[in-house]
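Colleague: Shown below is the structure under consideration.
The values are calculated or read from the model by the stated rules, or taken from the named source; none is laboratory data. This structure is a prediction, so every number in the text was calculated from the model and none was measured. Heads up, the Cβs are rebuilt from the backbone with ideal geometry, glycines too, and the neighbour counts pull from every protein chain shown. Heads up: the accessible areas ignore ligands, DNA and RNA and are worked out on the full protein's heavy atoms, side chains in. Shrake-Rupley method; radii C 1.70, N 1.55, O 1.52, S 1.80 Å.
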Amino acid sequence: REHYDRVAAQEKWQAFWEKDETYKPLDDGSRERRYVLDMFPYPSGDLHMGHAEAYAMGDVVSRFLRLKGFDVLHPIGWDSFGLPAENAAIRNNAHPAEWTYANIETQASSFKRYGLSLDWSRRLHTSDEEYYRWTQWLFLRFHERGLAYRKESFVNWCPKDQTVLANEQVVGGTCERCGTEVTKRKLRQWYFKITDYADRLLDDMSELEGGWPEHVLTMQRNWIGRSEGAHVDFRVEGRETPITVFTTRPDTLYGATYMVVAPDGDLAAELVSDGQRAEFEAYVEKVKRTSEIERQSTEREKTGVWLGVDAINPVNGERLPIWAADYVLADYGTGAIMAVPAHDQRDLDFARKFDLPVRTVLDVDGTDPAETGVATVGDGAYMNSGILDGLTDKSAGVSRMIAHLEADNGGVGTVQYRLRDWLLSRQRFWGCPIPIVHCEQCGEVPVPDEQLPVRLPDLRGDQLAPKGTSPLAAATDWVNTTCPRCGGAAQRDTDTMDTFVDSSWYFFRYCSPGYEEGPFRPEDVARWMPVAQYVGGVEHAILHLLYMRFFSKVLHDMGMVPFKEPMQRLLNQGQVINHGKAMSKSLGNGVDLGQQIDNYGVDAVRVTMIFAGPPEDDIDWAALSPASSLKFLQRAHRLAADVTSEPGVDFANGDRSLRKSTHQSIAEIDMLVGDGRFNVAVARIMELVNATRKAIDSGCGPADPAVREAAEFVAQALSLVAPYVAEEMWEMLGKEPSVANSRWPESDPQLAAEDTVTMVVQIQGKIRAKLEVPADIAEETAVELALADAGVQRSLAGREVVKVIAKLPKMVSLVPGK
Ligand code: ANZ
Ligand code: ZN
């Protein structure tokens, strides 16, 4: 009857949804609420295949929950501050806002065409004044709580982007964004004290078990890196304060033969003797040019200088020479270690290079590290270790040593984290200005809340070129201001915030769009959150996903949100690749999303994405066939066209066998979507489409009520992945649009029940059990069920089954061995 005109359908329903505000939540309490959230996009250009996949996944969840009767919040916005806009502005002699907002418009219209069930009324952009005003407000609250502070230290510096980077943004020693090798610079920078929350970031992960992918939790756990150990104090001759080291093996203290401090920390410069100073300073210069990765590499030859002073081992009074070496990092532990070459490979390599003594204090496997050059680690029998001799396990050794040190004030048990404070200031323009004024009289003065936002000055083109200092510093009219405290002359802080600050709280803002009294209304957040399902890429496993958890905990402590964890479930979709490789310009294997949509239509592209495999897996576009997805959708569409019964007809008298397929599908697809097995759910829809087609052509015929029942459910189930076809079908079936407002049908367990028969189980010709089994039971299942029966087990009495004779579904006969 009617042919499926996909282009017309797309236009028609897009206009309908927009006018109808179909996907705006009711928020009136009449239904239980659910919040489905996609990681918001960066406006880098038009949407690409990766976006298409991720947002298709989130849309399945969102649409499913709607049909299940929930009031669903599914918002969208843009993470719109950031470097690419600024680089484009420099290239084009323009303002970053021009590029940013033009791209946002392009993406927004692509999102609409793509048929996502989004609530557009909550749209936000982090670069809008009305948004960044609240980013600044939050910064000030963190500042008040001592969680935002400035300190000088060596920081990661990208020579190309001319800005500092957080540790999380350094990947394999290179800039996460541009791939340039990262160097170190000593700068005074702003930090968030995320380390105060290290324990809670770890402990609260128990709430995420099961809801988040295990590997994401593992990555976060490793990133936070909790180590138990001890602080041990070593006296230094001619110095008042001792050196404190962090060690995870205080039990090896008798094996310490020298000490090492980080060359680039303050301690080394304080300790060095006059005689060694020149050599030391030359070494520090070299170290500054060495990347963190190189420093931590075990392959690299060890380097260092002796500082010309000794420390005293607290347990035996021995003198230990103090060295500076770059394998010890300034910002881990205390930046100083006791070196135990026999039981730590790094120390052993160093000791061999510089001819320092090696003393074995643990017999681990009978070998002697001093001879083999291989440090022995783990448990062993203590030797040459005074109070520890006689013990044979590590935990006993560690606790006895800690008790001894604590009794003597020589040390204390402690916990150390790998996690560093979050360096948040950036020397770039297109970001949220830091709302602090520097006054000679008053120091660091927060900009009063009522003066927010501190707006960006109007800079463009060349004015933004990277110079190593923030472009904001050159805007002197903007920089020079009056001190909010004393009214004297003062200067604005010229750094902007890391864009990960913006994205650490956007999901709260969606709950209170346009709210003017604060970043969000706590009641709104309490009503909608935590997020039921978060969807986004695994590349955020330790950046965004750690930061946003931190923000949520601080807001929890401020009494603004009632929960500790903002995202209950997390789905990391796989990547879309092509011919087995990530799409890239250099490989020339990119697939253009717009082109695919032009060729096959939105629905077929979406079905192809979802059907390709489990959501977490990468999908290889070259191996897929959007053309066959389109054929499938046309087949489904034809079902609706063929139905001849009227809407509202009583299904009860419909064809039994088709009704059974329909009701089994209802139950199965429900379960599959709930479990995130979207691809299998699509396969079930395909099966039901085929069964319905068969019923129409060679079974009960198109007038049978069961055909209508099946076609209506196909439309509903399809609406999760192919919303345009689904709406068309729904309308053709004489139903009130939108299909998104319909309810998922109840599966009737009696209709869905498998036909069963009685199967007898024989052992050596005797009937030992009678079991109710599905009529189409497979032999494997039949044997499994038989073996699980108590009577059968008794009769087998532990004997193995050596042969099976099956006449299914009526009989299975088991032959036991001797
Ligand atoms: C003595 C010792 C003996 C150590 C031994 C290990 C084995 P994690 O597990 O990563 O926490 N360390 C401490 N601070 C350091 C720094 N700033 N830079 C480089 N290395 C540092 O590692 C803790 C161990 O790493 C500490 O325990 C210390 O070496 C070293 F048989 O102390 B150990
Ligand atoms: Zn002042």
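Colleague: I'd like the orientation of helix 394-407 relative to the chain: the angle between its Cα long axis and the longest Cα principal axis, in ° from 0 to 90, rounded to 10.
Modeller: On a 0 to 90 degree scale, this one is about 50.
Colleague: Something else: With only Lys, Arg, Asp and Glu charged, each at its Cβ (+1 for the first two, -1 for the last two), find how big the charge dipole of the chain is about the Cα centre; round to the nearest 20 debye.
Modeller: Taking the Cα centre of the chain as origin, the dipole is about 1140 debye.
Colleague: Which loop trypsin sites (Lys or Arg not before Pro) in the stretch 518-590, with loop taken from DSSP, have no more than 14 other Cβ atoms within 10 angstrom of their Cβ?
Modeller: On the way: sites: R527, R549, K553, K564, R569, K581, K585; in loops: K564, R569, K585.
Answer by residue number: K585.
Colleague: Something else: Using the Karplus curve 6.51 cos²θ - 1.76 cosθ + 1.60 with θ = phi - 60°, work out ³J(HN,Hα) for each residue of the stretch 474-488 in order, rounded to whole Hz, and write x for Gly and Pro.
Modeller: Rounded to whole hertz, the list is 7, 7, 4, 4, 7, 5, 6, 8, 10, 6, x, 8, 10, x, x.
Colleague: To continue, here is another question. If I take all pairs of Cα atoms in the stretch 138-292, what percentage of them are more than 19 Å from each other? Mind dumping the intermediate values first?
Modeller: On the way: 8553 of 11935 pairs.
So the pairs more than 19 Å apart make up 72 percent of the total in the stretch 138-292.
Colleague: Cα axis of helix 345-354 to longest principal axis of the chain: angle in degrees, 0 to 90, nearest 10?
Modeller: 30 degrees
Colleague: Still on this structure, I have one more. Calculate the FRET efficiency for K160 and S584 from the Cβ-Cβ distance with a Förster distance of 30 Å, rounded to the nearest 0.05. If you can, show how the numbers build up before the last one.
Modeller: Values: r = 20 Å, r/R0 = 0.65.
After rounding to 0.05, the efficiency reads 0.95.
Colleague: Estimate the FRET efficiency between E285 and D331 by the formula 1/(1 + (r/R0)^6), using the beta-carbon distance for r and 25 Å for R0, to the nearest 0.05.
Modeller: Working: r = 19 Å, r/R0 = 0.76.
Taking R0 as 25 Å, the efficiency between E285 and D331 is 0.85.
Colleague: Order E444, E450, most accessible first, counting only protein heavy atoms with a 1.4 angstrom probe. The partial results should precede the final answer.
Modeller: Values: E444 60, E450 150 Å².
Correct descending sequence by accessible area is E450, E444.
Colleague: If a/c stays under 1.5 just call it rounded; otherwise compare a/b with b/c (prolate if a/b is bigger, oblate if not). Do that for the stretch 652-694, with a ≥ b ≥ c from the square roots of the Cα gyration tensor eigenvalues. Can you show the working numbers first?
Modeller: Working: a/c = 4.67, a/b = 1.78, b/c = 2.63.
Oblate, since a/c reaches 1.5 and b/c is not below a/b.
Colleague: Here is a further query. Once the Cα gyration tensor of the stretch 1-139 is found, what semi-axes does its equivalent ellipsoid get, as square roots of 5 times the eigenvalues, in whole Å, sorted largest first?
Modeller: Numbers: eigenvalues 177, 92, 30 Å².
Working through the eigenvalues yields semi-axes of 30, 21, 12 Å.
Colleague: Additional query: Considering Cα pairs under 8 angstrom that are at least six residues apart, work out the relative contact order of the chain and quote it in whole percent. Could the numbers behind the result be given before it?
Modeller: Details: 1543 pairs, mean separation 114.5, N = 818.
Rounded, it is 14 percent for the chain.
Colleague: If you don't mind, another one. If you fit an axis through the alpha-carbon atoms of helix 214-224 and take the longest principal axis of the Cα set of the chain, what angle between them do you get, 0 to 90°, nearest 10?
Modeller: Tilt relative to the chain: about 10 degrees.
Colleague: How large is log10 I(q)/I(0) at q = 0.21 Å⁻¹ when the Debye formula is applied to the Cα atoms of the stretch 357-413, each weighted equally and without solvent?
Modeller: Ignoring solvent entirely, the Cα scatterers give -0.81.
Colleague: Round to a whole angstrom and tell me the spacing of the C-alpha centers of the stretch 519-588 and the stretch 279-316.
Modeller: Here the two parts' Cα centres lie 40 Å apart.
Colleague: Moving to a separate point now. If I model a spin label at A627 and E98 as a point 7 Å from the Cα along the Cα→Cβ vector, what separation in nanometres do I get?
Modeller: Going by the 7 Å Cα→Cβ label model, 4.4 nm.
Colleague: A further question follows. Compute the orientation-averaged projected area for the chain from the convex hull of its Cα atoms and round it to one decimal in nm². All intermediate terms of the calculation are to be shown ahead of the outcome.
Modeller: Working: hull surface 184.9 nm².
With every direction weighted equally, the projected area is 46.2 nm².
Colleague: Shape verdict for the stretch 611-751, please, from the Cα gyration tensor: rounded (a/c under 1.5), prolate (a/b greater than b/c) or oblate. Don't skip to the end; give the middle numbers.
Modeller: On the way: a/c = 1.70, a/b = 1.52, b/c = 1.12.
Because a/c hits 1.5 or more and a/b exceeds b/c, the stretch 611-751 counts as prolate.
Colleague: Could you work out the relative contact order of the stretch 598-644, using alpha carbon pairs under 8 angstrom and six or more residues apart, expressed as a whole percent? All intermediate terms of the calculation are to be shown ahead of the outcome.
Modeller: Working: 23 pairs, mean separation 21.2, N = 47.
About 45 percent, as a whole number.
Colleague: Given the convex hull over the Cα atoms of the stretch 471-597, what projected area results after averaging over all orientations, in nm²? Working shown, then result.
Modeller: Working: hull surface 54.0 nm².
Across all orientations, the stretch 471-597 yields a mean hull projection of 13.5 nm².
Colleague: Full-extension gain between E784 and E214, please, as 0.36 nm times their residue separation minus the C-alpha to C-alpha distance. All intermediate terms of the calculation are to be shown ahead of the outcome.
Modeller: Details: separation 570, 0.36 × 570 = 205.20 nm, distance 3.17 nm.
Contour length minus Cα-Cα distance gives 202.0 nm.
Colleague: Sorting V412, V591 by accessible area (1.4 Å probe), largest first, what list results?
Modeller: Result, largest first: V412, V591.
Colleague: Also, I was wondering about something else. With every protein chain present, what is the per residue accessible area of the chain (1.4 Å probe, Å²)? Write out the running numbers ahead of the final one.
Modeller: On the way: 34560 Å² over 818 residues.
Result: 42 Å² per residue.
Colleague: How high is the relative contact order of the stretch 531-613? Use alpha-carbon pairs under 8 Å, at least six apart in sequence, and give a whole percent. Intermediate values should be presented prior to the final figure.
Modeller: Values: 56 pairs, mean separation 23.6, N = 83.
Reported relative contact order: 28 percent.
Colleague: Let me ask another. Please work out the Cα convex hull volume for the stretch 671-818 and give it in Å³ per residue.
Modeller: Numbers: hull volume 22.7 nm³, N = 148.
Residue-normalised Cα hull volume stands at 154 Å³.
Colleague: While we're looking at this one, here's another question. For the stretch 572-578, take each phi angle, set θ = phi - 60°, evaluate the Karplus expression 6.51 cos²θ - 1.76 cosθ + 1.60, and give the result in whole Hz per residue in order, putting x for glycine and proline.
Modeller: Using θ = phi - 60°, the values come out as 9, 6, x, 9, 8, 10, 9 Hz.
Colleague: Now, a different point. In whole Hz and in residue order, list the ³J(HN,Hα) couplings for the stretch 308-318 that follow from phi through the Karplus curve 6.51 cos²θ - 1.76 cosθ + 1.60, θ = phi - 60°; x for Gly and Pro.
Modeller: x, 9, 10, 10, 10, 5, x, 8, 9, x, 5
Colleague: So for the chain: antiparallel DSSP bridges make up what percent, rounded to the nearest 5? Don't skip to the end; give the middle numbers.
Modeller: Details: 72 of 94 bridges.
Close to 75 percent.
Colleague: Quick check: at a probe of 1.4 Å, how many percent of the accessible area of the stretch 717-817 sits on carbon and sulfur atoms? Can you show the working numbers first?
Modeller: On the way: 2570 of 5280 Å².
Solvent-exposed carbon and sulfur of the stretch 717-817 make up 49 percent of the total.
Colleague: Residues in the stretch 300-316 near a label at A370, defined as backbone nitrogen under 19 Å from the 7 Å Cα→Cβ point?
Modeller: Taking a point 7 Å out along Cα→Cβ of A370, the residues of the stretch 300-316 whose backbone N falls under 19 Å are 313, 316.
Colleague: Still on this structure: Under a point spin-label approximation (7 Å from Cα along Cα-to-Cβ), what is the R91-D408 distance to one decimal in nm?
Modeller: So the label points at R91 and D408 sit 6.4 nm apart.
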